[in-house]
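Note sheet for the following structure.
Coordinate-derived values only; no laboratory data. Because the structure is a prediction, the values reported are computed rather than measured. Because the Cβ atoms are built from the backbone with ideal geometry, glycine has one as well, and the counts that use them run over all protein chains shown.
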Amino acid sequence: DTAVSQTPKYLVTQMGNDKSIKCEQNLGHDTMYWYKQDSKKFLKIMFSYNNKELIINETVPNRFSPKSPDKAHLNLHINSLELGDSAVYFCASSQELPANGGELFFGEGSRLTVL
Amino acid sequence: GQQVMQIPQYQHVQEGEDFTTYCNSSTTLSNIQWYKQRPGGHPVFLIQLVKSGEVKKQKRLTFQFGEAKKNSSLHITATQTTDVGTYFCAGRFTGNQFYFGTGTSLTVIP
């Protein structure tokens, strides 16, 4: 069983569309994250939730909206997609908060291409 | 802003040669983690360093945390083709998140 699973793995869409990426973890972790990896492989945190509560909200356009229906799921909805949103989006989870040394378990990534 | 710089960006080595990647911060780090991402894959946790001057080993990999907790290094002895990938450090300052370095992409030539 995949510990952190994301769907879809690939997403190709037109500018201006709205799309969602879903993430689920079966590790029983309390904290989940969304990271964006650009074409230069730079990994930047976008959001973090702990027990369904938003704890990190980096400088991300408000077209991006995370939702955590329960602590095993963290979804990412993107409105009005732009070319610059093309990237690989990684979901991750950790048992402990980073302040307590939690190691990150990453999903396999969702590659978003905006045309 | 808080940043963790990593060098080199790319490294090509002959199989059997050693490899080192370095992370630096202008601000003291609370702890630092290292991850490996294989081509087309996702980052996988390797290790965490917490104490000043800490050194940890995993087979051919040696991880160090500087005395001032502002730098860290990952050294691979006698590289193998299975070592190919991008190595990231991720440093935490005082908050609740890790800042990833820019990564070092390692190519091992057989």
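Please give the peptides A:54-61, B:93-100 ranked by average Cβ packing (other Cβ atoms within 10 Å per residue), highest first, as a rough proxy for protection.
The most tightly packed comes first, giving B:93-100, A:54-61.
In a shell of Cβ-Cβ distance under 9 Å around A:Ile45, excluding A:Ile45 itself, what net charge do Lys and Arg (+1) and Asp and Glu (-1) give?
Numbers: positive: A:Lys36, A:Lys44; negative: A:Glu58.
Local net charge: +1.
Which whole number gives the average, over all residues in A:87-98, of C-beta atoms from other chains lying within 10 Å of the residue C-beta?
Working: counts 0, 2, 0, 3, 1, 3, 0, 2, 0, 0, 2, 9.
Mean partner shielding for this stretch: 2.
How big is the dipole moment of the protein assembly as shown about its Cα centre under a simple scheme where the beta carbon of each Lys and Arg is +1, that of each Asp and Glu is -1, and everything else is neutral? Debye, nearest 20, please.
On the way: 22 positive and 19 negative charges, 25 e Å.
For this selection, approximately 120 debye.
Return a whole-number percent for the relative contact order of chain B, with Cα pairs under 8 Å and 6 or more residues apart as the contact set.
Numbers: 286 pairs, mean separation 41.5, N = 110.
The value is 38 percent.
Given the pairs A:Lys36/A:Lys67; A:Lys36/B:Lys36; A:Lys41/A:Lys71; B:Lys36/B:Lys56; A:Lys9/A:Lys40, which span a C-alpha to C-alpha distance of over 21 angstrom in this model?
Numbers: A:Lys36/A:Lys67 16 Å; A:Lys36/B:Lys36 16 Å; A:Lys41/A:Lys71 28 Å; B:Lys36/B:Lys56 16 Å; A:Lys9/A:Lys40 19 Å.
Listed pairs above 21 Å: A:Lys41/A:Lys71.
Within 10 Å of each Cβ in B:91-97, how many Cβ atoms from other chains are there, averaged over the peptide?
Working: counts 0, 4, 0, 1, 4, 10, 9.
Neighbouring Cβ atoms belonging to other protein chains average 4 per residue here.
So, with +1 on the Cβ of K and R and -1 on the Cβ of D and E, and no other charges, what is the size of the charge dipole of the range B:7-109 about its Cα centre, to the nearest 20 debye? Display every interim value, and only then the final one.
Working: 10 positive and 6 negative charges, 74 e Å.
It works out to roughly 360 debye.
Explain nothing, just compute: Karplus ³J(HN,Hα) = 6.51 cos²θ - 1.76 cosθ + 1.60, θ = phi - 60°, for every residue of the range A:45-56 in order, whole Hz, x for Gly and Pro.
Going residue by residue, I get 6, 10, 9, 9, 10, 10, 6, 6, 9, 5, 10, 10 Hz, with x marking Gly and Pro.
Sketch the reach of a paramagnetic label on B:Ser30 as a point 7 Å from Cα along Cα-to-Cβ, and name the residues of the range A:93-115 whose backbone nitrogen lies under 20 Å away.
A:93-105
Between the alpha-carbon centers of the range B:43-110 and the range A:58-115, tell me the distance in whole angstrom.
23 Å
Under 18 Å Cα-Cα from B:Lys69, which aspartates and glutamates qualify once same-chain neighbours fewer than 8 residues away are excluded?
B:Glu54
In µm²/s, what is D for the range B:7-109 at 10 °C and 1.306 mPa s, where D = kT/(6 pi eta Rh) by Stokes-Einstein and Rh is the Kirkwood radius from Cα pairs? Intermediate values should be presented prior to the final figure.
Numbers: Rh = 13.7 Å.
Reported coefficient: 116 µm²/s.
Under 13 Å between alpha carbons, and skipping anything fewer than 8 positions from A:Lys22 in its own chain: which aspartates and glutamates qualify?
A:Asp70, A:Glu108
Farthest toward the dipole's positive end in chain A, which of A:Ser86, A:Ile45, A:Gly107, given Cβ charges of +1 (Lys, Arg) and -1 (Asp, Glu) about the Cα centre?
Of A:Ser86, A:Ile45, A:Gly107, it is A:Ser86.
Do you know the relative contact order of chain A, to the nearest whole percent, from alpha carbon pairs under 8 angstrom that are 6+ apart? Can you show the working numbers first?
Working: 286 pairs, mean separation 41.3, N = 115.
Computed value for chain A: 36 percent relative contact order.
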